[in-house]
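Below is one structure; the comments refer to it alone.
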Amino acid sequence: MSADDERDVRPATSSGSSRRSFLRGGAAALGGAALALGGRSAWDAAQATEAPAAPPADADGRATVPFRGPHQAGVDTPPQSFAAFVALDLADGVDRDALIRLMGIWTDDVDRLAAGKAGLTDTEPELAQVPARLTVTLGYGPAVFTAAGLEDRRPSWLRPLPAFDVDRLEDRWNDGDLILQVCADDEVTVSHAVRLLVKEARTFTTVRWVQRGFRRAPGTTKPGTTMRNLMGQVDGTRNVDTGVDPGLVWHTDAAGGWLAGGTSMVVRRIAMNLDTWDELDRAGREQAVGRRLADGSPLTGTAEHDEPDLEAKGPNGLDVINPIAHIRRARTENAAERFLRRAYNYDDAPGPGELSASGLVFVTFQADVDRQFVPVQRKLDEADLLNIWTTPIGSAVFAVPPGARDGEYLGQALLEA
Amino acid sequence: MHTVRTRTARTLAPLTALALTAALAGCASDAEAGADDAGTEQPEQHMQADALSVTDPWVKAVDEGMTSAFGTLVNDSDTDVVVTSAQTDVAGMVELHEVVTDDSGSMTMQEKDGGFVVPAGGEHELAPGGDHVMLMDLTGPIEPGVDVSITLVTEDGSELEVTAPARSFSGAQEEYDPESEMDEMDHEDMDHSDHEEDSDS
């Protein structure tokens, strides 16, 4: 189609539409793509010059999340629909100088990709043109501090989580020297970013594991809707809000040292046994969690965000919320023992004889793993009805450095001793 | 990011400067363009490098031997800028190359006749599979993530220093054999001589 048609496809977005441009728009509407608006709509759109601009049809693809700032993006960013978690191991001989070079490469890549621009050496630059709220969040495993000769800067909590009885960890999903959490509202965007970041790091790192995850696609649910996992549950109600409790996630300037503005990341791969879950009726499923499946409301309330009444008794004198229901066990009197959850579903190809291999890439961010995450996980390990159907099969902990401000590279505060 | 280093007071005639540059770089250049412009040079005139910048320069990281530098040359003046040679400390020899399809249909690299012409107000792209700055006789490995400083020399002798970060890159595999190119030129292209004195005649 001609340039005129292209311009007139979005008549509502152009301001100051004169009679002449309206006539041109009308003409295009008859023969061009604007026909989709319908004759009356096209007329209205062209007439109403003061009307708010309709979002372009590819608004989801155009949307960007700023990369530069005091914190890395992808932590308190509203979760995008798709994610890849790429754990990497450092190659032999990588030292602080090499880490600085790698950080420079990745910082430049993310800077460009997050803005919808091709990477410096991008061999598929067209794939970069849909940023779709792309964020890349970098984390360090313990080995980074060893390689850099900065053991004294390693946070005390940066180590594998203590062993839990429920764990059935498989080494193929455990640990890692580095992690890249790549999230976007488009899977092609995620794939392209992962490919570019990994191939530019090929002399520094090898890929240890990759976990991919998904939530509802853009535009399919109302913004702010709590995600559902593949067991059908509303998953993530009562999440930490960094606007209200920034200290639960971010290290503060005063105490953080190099980690000021940074956080920690726990990645747990939780397998779901959907076959045995299927044996449970809806009432049993709601008992397991303590929330209703329909809307996530506690069994003692009527809306998702109602406070559960853990004391409430049913007509039979029993607790309405089961003594070992998930929400009761995950609760703590200690307000500091909370963390930001940012999980994604996974659904892999099943093994021989299996119907599915589904679960949750359970991702949390917290200022201090030992103080916030571990106590809650211990309680769930001791007793949680959900443990019947869920099994942790992978576990990794990373330190997430602060964001890169203008002119900085990721990790600069750590690596520039 | 990019620093421009321009000669404000030139003591050398363009042709001499170009010949000297070529001699320093240890390789041949086509001096024809420089010679053509020699008579029209004005001392007060802005030097070509003033108008020149490079967007997104980069170098392919390699362990040894030779490699290439890429980026988009941008000319914000109203007259053409011609890059006639380049230098860098990391290479013993630097040439300006193009990729052409030879008689047998295969892609081959050769020195770019007349250098890279960056049109007035326009751009000239250096990219894998196309024009590029060829760095040969590398003095050591070029590791991914290091910054390589490359000086572009224009036909009026002015220079632009460019910082090109090195990146791992699988493409840009074109092998270059200066010997075979010279063999071809000996019987194909007399204008593209190895000796600037000859090309001027």
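Readers should treat all values here as calculations from the given coordinates under stated rules, not as data from a laboratory. None of the values given here were measured: they were computed from a predicted structure. Note: ideal-geometry Cβ built from the backbone for every residue, glycine included; neighbour counts use all protein chains shown.
A Gaussian network model of chain A, with springs between Cα atoms under 10 Å, assigns the largest mean-square fluctuation among A:His305, A:His251, A:His71 to A:His305.
Extension gain for the segment B:Glu98 to B:Asp147, taken as residue separation times 0.36 nm less the Cα-Cα distance, is 15.3 nm to one decimal. Helices that extend 15 Å or more along their long axis by alpha-carbon positions and average at least -0.5 on the Kyte-Doolittle scale are, among the DSSP H runs of chain A, A:19-31, A:96-114, A:187-200. Using a Förster radius of 41 Å, what is the FRET efficiency between A:Ile388 and A:Val207 based on their Cβ-Cβ separation? Nearest 0.05, please. About 0.75, to the nearest 0.05.
For segment A:60-407, the dipole from Cβ point charges (+1 on Lys and Arg, -1 on Asp and Glu) about the Cα centre works out to 380 debye, to the nearest 20.
The calculated P(r) of segment A:172-315, using every Cα pair and 5 Å bins from 0, goes 2, 7, 11, 13, 15, 18, 14, 10, 6, 3, 1, 0, 0, 0 in percent. Using a Förster radius of 25 Å, what is the FRET efficiency between A:Thr226 and A:Lys117 based on their Cβ-Cβ separation? Nearest 0.05, please. The computed FRET efficiency comes out at 0.15.
Between A:Glu408 and A:Glu311, the modelled labels are 4.7 nm apart [label points 7 Å from Cα along Cα→Cβ]. Residue by residue along B:49-62, Cβ atoms of other protein chains within 10 Å of the local Cβ number 1 on average.
Rounded to two decimals, the Cα radius of gyration of segment A:131-200 over 2.2 N^0.38 Å is 1.39. Sparsely packed loop sites in segment A:178-249 (the chymotrypsin sites (Phe, Trp or Tyr not before Pro) outside DSSP H, G, I, E and B with at most 12 other Cβ atoms within 10 Å) do not occur. Please build a GNM for chain A, connecting alpha carbons under 10 Å apart, and tell me which residue among A:Asp152, A:Asp186, A:Asp348 fluctuates the most. Fluctuation is largest for A:Asp152. Relative to the compact-globule estimate of 2.2 N^0.38 Å, the Cα radius of gyration of chain A comes out at 1.12.
For peptide A:112-119, the mean count of partner chain Cβ atoms within 10 Å of a residue's Cβ comes to 1.
Could you give the distance between the Cα centres of segment A:366-382 and segment B:141-176, to the whole Å? Here the answer is 50 Å between Cα centres.
For chain A, the relative contact order comes to 22 percent (Cα pairs under 8 Å, sequence separation of at least 6). Neighbour counts of other Cβ atoms within 10 Å put B:Ser168, A:Ser156 in the fewest-to-most order A:Ser156, B:Ser168.
Checking every one of the trypsin sites (Lys or Arg not before Pro) in segment A:142-183 against DSSP loop status and a limit of 11 other Cβ atoms within 10 Å picks out A:Arg168. Two numbers describe the Cα atoms of segment A:84-124: Rg and Dmax, which are 12.2, 34 Å. Working note: 222 nm ellipticity from helices only, DSSP H runs with n ≥ 4, each -39,500 (n - 2.57), summed and divided by the residues of chain A, gives -7000 deg cm²/dmol to the nearest 500.
Charged side chains reduced to their Cβ positions (Lys and Arg at +1, Asp and Glu at -1) give segment A:209-265 a dipole of some 440 debye around its Cα centre. For the options A:Ser81, A:Ser395, A:Ser297, a Gaussian network treatment of chain A with springs between C-alpha atoms closer than 10 Å singles out A:Ser297 as fluctuating the most.
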